[in-house]
Amino acid sequence: MKPARFDYHRPARLAEALELLSGHGGNCKVLAGGQSLVPAMNFRLARPEILIDINDLKELGRLEDGAQGLRIGALVRHAAFHQPADDSELSRLLSRVVRHIAHYPIRQRGTFGGSLAHADPASEWCLVAATLSAEMTIASTAGERKVPADQFFRGLFTTAVAENELLTAIEIPALPPGARGGFYEFSRRAGDFALAMALAVLVVDGGVIRWARLGLGAAADRPLRLLPVERMLEGRLADAATFREAAAAARDLASPSGDIHGGADYRKDLVATVVERALTEAAS
Amino acid sequence: MTWIGRRLRRFEDPALLLGRGSFVADRSSTAAAVKFVRSPVAAGTILGIDIPDGASVFTARDLAGTKPIRPILERPDYRAVGQPLLAVDRVVHTGQAVAVVVGRDQADAEDLAEQVYVDIDPSAAVVDVDAALAEGARQVHAEAPGNVLVEGRMKTPGLDQAFAEAAAVVAITLRSGRQSAAPMEPRGGLAEFDPASGRVTLTASVQMPHMLRTGIADVLGMRETDLRVVAPDVGGGFGQKMSLFPEYAVLVWLARHLRRDVAWIEDRRENFLAASHSRDQVFGVKGAFAADGRLLGIDADLRSNVGAFSCYPVTCGVEPLMAFAELPGPYDFAEYGVRSRGVTTNTCMMAPYRGVSRPMLTLTMERLMDVAARRLGIDPWDIRRRNLIKHFPHKSPTGLVYDPATYLEAMEAAEQRIGLGEFRARQKRLRDEGRYIGLGVSVFSERSGYGTPAFAARKMQIVPGYENVDCTMDPSGYVDVRIGASPHGQGLKTALAQLVADELGISPEHVRVISGDTDATPYGWGTFASRSMVIAGGATKLAATKLADKIRLVAATLLEVEPEAIELADGLARVRQTNRSLAIADAARAAYHQSYKFPAVGAGLRDTALYDPGGTFSNACHVAEVEVDIGTGGVSISRFLVVEDAGVLINPMIVDGQIAGGVAQGIANALYEEVVYDDAGNLLTASFADYLPPTAAEIPEIDIVHMETISPATVTGAKGVGEGGAIGAPAAVLNAISDALSPFGIEALEMPATPDRIRDLLRKAGISPHG
């Protein structure tokens, strides 16, 4: 359980980190919290020749809240969300979601940006980003660019971040007035990777859904925002029959692959369950 | 006031809790690091092994003078197969050690191991127990036609008649996934070579140090006296650290060959690949029941997947023959037919794990009772009431003699405590809301503390069972107890000190128990099979009693009274009904330094005792309350009750800890843990991301109630209790799930009852996630 040999760099400034990435590209891995990368290296499944440790880049560790939403530096630890950053529904929702990310010690070390860059389809933060139209800031020696969530996730463990680039921040827009969130995740044990999870945000007025966001995690090769189901929900009564119909529609859109923790049929059933429960919570 | 029965805090704990324990890896920092190169495939022929230039790498060719590990059962149905220390010409399971690398440190050894290329021509693997038994299945070992390594059979003369007269015949098939004991500390060994004497000291994370020494000396062809085995602090064993593994013999060989210190610290992946597994059983039984629910007879076909080799010393008979002998459990019936086979496959070797077959046989009998009760329209508690053993001593159809126990009384105490009426009302109310809760009961016997007769009956060539204990009071009045048992987390040192303290009238803190060192303890069998309190405890009590007699003789001489007039208490030798006394420490000093005064005692204060009991049965009733989530298939346990009868409790806190830990492992068996191979014999669960021990979040509070039947079968009155939690819990949990899902008629549960499997049963019953 020892990693293969690698060179280790710990730049003090962002520019220095970007220089290293620019010079070495595909042989590099960026070390943030290390909660996925280090085990993969110890199993020798990941064998970077160069490790660039960004933990000294303090400018990536800021969490800013404002009327426009949240701006989350890539190095912000999961634990920063244990308490809501402000009294917005978005912050309250993130503090409910974070409880499902692994275990307490892992949340002290793992980072928001690391989760997004790793792009595990069972990642809670990836689901949040995809569902709530987050925008990612990506830097290189050539400058910064911004990538919306629907172009960020490219597949299993694959994102828009190129080999010479670094994800530096994530912006999540504020939710509309009156929005309420719901999140439901099922895993084998507390803290395990989700077998399925759903994130729903609804604005309900007079019993009718005026605005809907619905995302599904661990049910495809990337987090899914379920646009057709959102369109179906808007204008409908926020009741059990609607949510059951939405759950059935979500089930049809999901394409989970089976493994030893759950076959594909099982995971499809589970999609319906988590969507129904997330919507029910958002409407309650 | 006695020390026995007190919840004394464990003497072992302060060092462990403060990080001052000493485990193998703590002692290995200056030794060269050893890494095993393991087979990447389950079956095949080795065509060649490429070794990097100049690297310190050894293969079977280098070990040509060694013998394979080949334990024997003296039964005509047993096929002995040998396990070479490193694979010779062919591999038979993924993870089998093929070569060994010695590096400067762990990282260097791992780098070198990566460069060793093993060229294997793979063949199709036999993985599943029933596939291995199928007509025309590929043979795993040339010595074992049909892949059967051991087969026990019997049939009582009246069995056919019982089935002919039965009002109902209930047939069920149960399956348990394969488990790993998954001790917190994986295996590991440090072999230190002493250039002055040529001796090797092997410090290893093991449960049976004396047996390991004999086994290694045998396979390496060395004198036992040239080897010392030390078991330091051991981070859990649960049976996985009983057996002689090739790795330990290779370490000793390397230390002698290289004349240097070498250490192998196993990592978790290796532990899943190559340390022993267990369970992986399919039990098919038919029960013949009378109309009133009485069980008339059982006909059983029991198949145990024993993996690629036979574990040393207990052999691959351990699971199939335990199942053969003990399936009847706590039930009183006369007619019994059984065929129990140990089947070899291209998977990791099976060896004992807490419970050994009894989780499965208890599950089998307890599911049978519930299913039969439903068929016959009888309450599940009543059908047990009608069938439990009530008269003692009881002789089972396989000839086991049961000492007094409380099968019925424990169940009825559980029935009272759980509040059956309240539960049924709540269950009905919740069902109307679409929520499904269930209650499951499990009654069982735990055969424990058995000596040589029980092992001899299995026809083992190596017959474990007895323990010798050496009890010595030093001139300052402190006592050293040297035991052959090898506790590794059970708190035995505290409990034995309590026993000795009562015999000698001293404080338990003045008693030091020495274990786990073949240079310092009498030859004994180690700690396994719920035996240490009964057997090492029995021998300790007997030795301490003899030592107490000597102390009384010394004190009587000094106080000029008859020895019968002396009582030992509070650190004093007192003349009964007087105020005359002598400090026991002063008596001890005199025994050593004025020995001429005590010719009947001899010099010093030391005695030994041997104990080799026939065995005893502890018993318990477990009750689980669960809720099944129809939408996810998830099961949560809301209540867990254990009514346990382990005879005299030496330290009730330690007993409670044993029960709680065992229940957690039983819940793991029932719901979470499964070692999974694919059809090609590749291991799919090689880390804790895929092999899922439950955490504190999944384990409920466990309510424990004790009954104390004083057993005449043991000298302390104590019964073994180490395995019961793991034995009883799976059946209680699965019966509770079946009860929760009874509106859908779901009975065909297997272990672990994962969310996927439960949803699958619901889907087949036409139940959508919405209920």
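The values are calculated or read from the model by the stated rules, or taken from the named source; none is laboratory data. Predicted model, so just to flag it, every value in this text is computed and none were measured. Cβ sites come from the backbone with ideal geometry, for glycine too, and all protein chains shown count toward neighbours.
Applying the criterion of being basic (K, R) and away from chain B (no Cβ under 14 Å) to the residues of segment A:1-57, the residue that is surrounded by the fewest Cβ atoms within 10 Å (Cβ to Cβ) is A:R13. In the condition set (1) assigned to a loop (DSSP other than H, G, I, E, B); (2) more than 42 Å from the chain's Cα centre (by Cα), B:S530 is compliant with all but (2).
Checking the structure you have, find out if any residue of segment B:373-392 is over 15 Å from B:I298 (Cα atoms), outside the structural domain of B:I702 (by TED's automatic domain parsing), crowded, with 17+ Cβ neighbours inside 10 Å and among the small types (G, A, S). Checked segment B:373-392: at least one residue is over 15 Å from B:I298 (Cα atoms), outside the structural domain of B:I702 (by TED's automatic domain parsing), crowded, with 17+ Cβ neighbours inside 10 Å and among the small types (G, A, S).
Taking first residues from segment B:626-644 that are within 11 Å of another protein chain (Cβ to nearest Cβ) and partners that are basic (K, R) and buried (at least 24 other Cβ atoms within 10 Å of the Cβ), the Cβ contacts under 7 Å between residues at least 6 apart in sequence or on separate chains come to B:G633/B:R759.
Please enumerate the residues belonging to segment B:108-130 that are touching a residue at least 60 places away in the same chain (Cβ under 8 Å) and in a helix (DSSP H, G or I).
B:D108, B:A109, B:E110, B:L112, B:A113, B:Q115, B:V129, B:D130
Provide a single number: the residues in segment B:82-107 that are more than 14 Å from chain A (Cβ to nearest Cβ), among the charged types (D, E, K, R) and either touching a helix residue (DSSP H, G or I) at 6+ places or on another chain (Cβ under 7 Å) or part of a loop (DSSP other than H, G, I, E, B) (or both).
Matching residues across segment B:82-107 total 1.
Any chance segment B:722-742 includes a residue that's more than 14 Å from chain A (Cβ to nearest Cβ), assigned to a loop (DSSP other than H, G, I, E, B) and surrounded by fewer than 24 Cβ atoms within 10 Å (Cβ to Cβ)? Scanning segment B:722-742 turns up at least one residue that is more than 14 Å from chain A (Cβ to nearest Cβ), assigned to a loop (DSSP other than H, G, I, E, B) and surrounded by fewer than 24 Cβ atoms within 10 Å (Cβ to Cβ).
For segment B:671-680, the criterion of being within 23 Å of B:T347 (Cα to Cα) and more than 11 Å from chain A (Cβ to nearest Cβ) is met by at least one residue. Is at least one residue of segment A:180-201 β-branched (V, I, T) and touching a Lys or Arg at 6+ places or on another chain (Cβ under 7 Å)? Yes, some residue in segment A:180-201 is β-branched (V, I, T) and touching a Lys or Arg at 6+ places or on another chain (Cβ under 7 Å).
Residues that are free of Cβ contacts under 8 Å to residues at least 60 places away in the same chain and either assigned to a loop (DSSP other than H, G, I, E, B) or within 7 Å of chain B (Cβ to nearest Cβ) (or both) within segment A:243-264 comprise A:R244, A:A254, A:S255, A:S257, A:G258, A:I260, A:G263, listed in sequence order.
Conditions (1) modelled with pLDDT of 95 or more; (2) assigned to a loop (DSSP other than H, G, I, E, B), marked per residue:
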residue: B:W525; (1), (2): no, yes
residue: B:I551; (1), (2): yes, no
residue: B:V561; (1), (2): yes, yes
residue: B:A600; (1), (2): no, yes
residue: B:R606; (1), (2): yes, no
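Residues B:A689, B:A668: which one is within 14 Å of chain A (Cβ to nearest Cβ) and in a helix (DSSP H, G or I)? Among B:A689, B:A668, only B:A668 is within 14 Å of chain A (Cβ to nearest Cβ) and in a helix (DSSP H, G or I). Checked against the criteria, B:A680 does not count as of a type in the set (A, V, I, L, M, F, W, C) and without any contact (Cβ under 8 Å) to a residue 24 or more places away in the chain. The set of residues in segment A:175-185 that are touching a helix residue (DSSP H, G or I) at 6+ places or on another chain (Cβ under 6 Å) and not basic (K, R) comprises A:L175, A:A179, A:G181, A:G182, A:F183, A:Y184, A:E185. Looking only at residues of segment B:754-771 that are surrounded by fewer than 23 Cβ atoms within 10 Å (Cβ to Cβ) and outside any helix (DSSP H, G or I), we find that the one that is nearest to the other protein chains (Cβ to nearest Cβ) is B:H770.
In segment A:177-187, is there at least one residue being touching a His at 6+ places or on another chain (Cβ under 8 Å), modelled with pLDDT of 95 or more and within 14 Å of chain B (Cβ to nearest Cβ)? Yes - at least one qualifying residue is present in segment A:177-187.
Residue count for segment A:190-211 under the criterion of being more than 20 Å from A:S95 (Cα to Cα) and within 11 Å of another protein chain (Cβ to nearest Cβ): the result is 1. Pairs linking a residue in segment B:249-274 that is within 14 Å of chain A (Cβ to nearest Cβ) to a residue that is assigned to a helix (DSSP H, G or I) and buried (at least 21 other Cβ atoms within 10 Å of the Cβ), with Cβ atoms under 7 Å and 6 or more positions apart or on different chains, are B:W264/B:E247; B:W264/B:L251; B:I265/B:V24.
Of all residues in segment B:509-523, none satisfies the criterion of being part of a helix (DSSP H, G or I) and crowded, with 24+ Cβ neighbours inside 10 Å.
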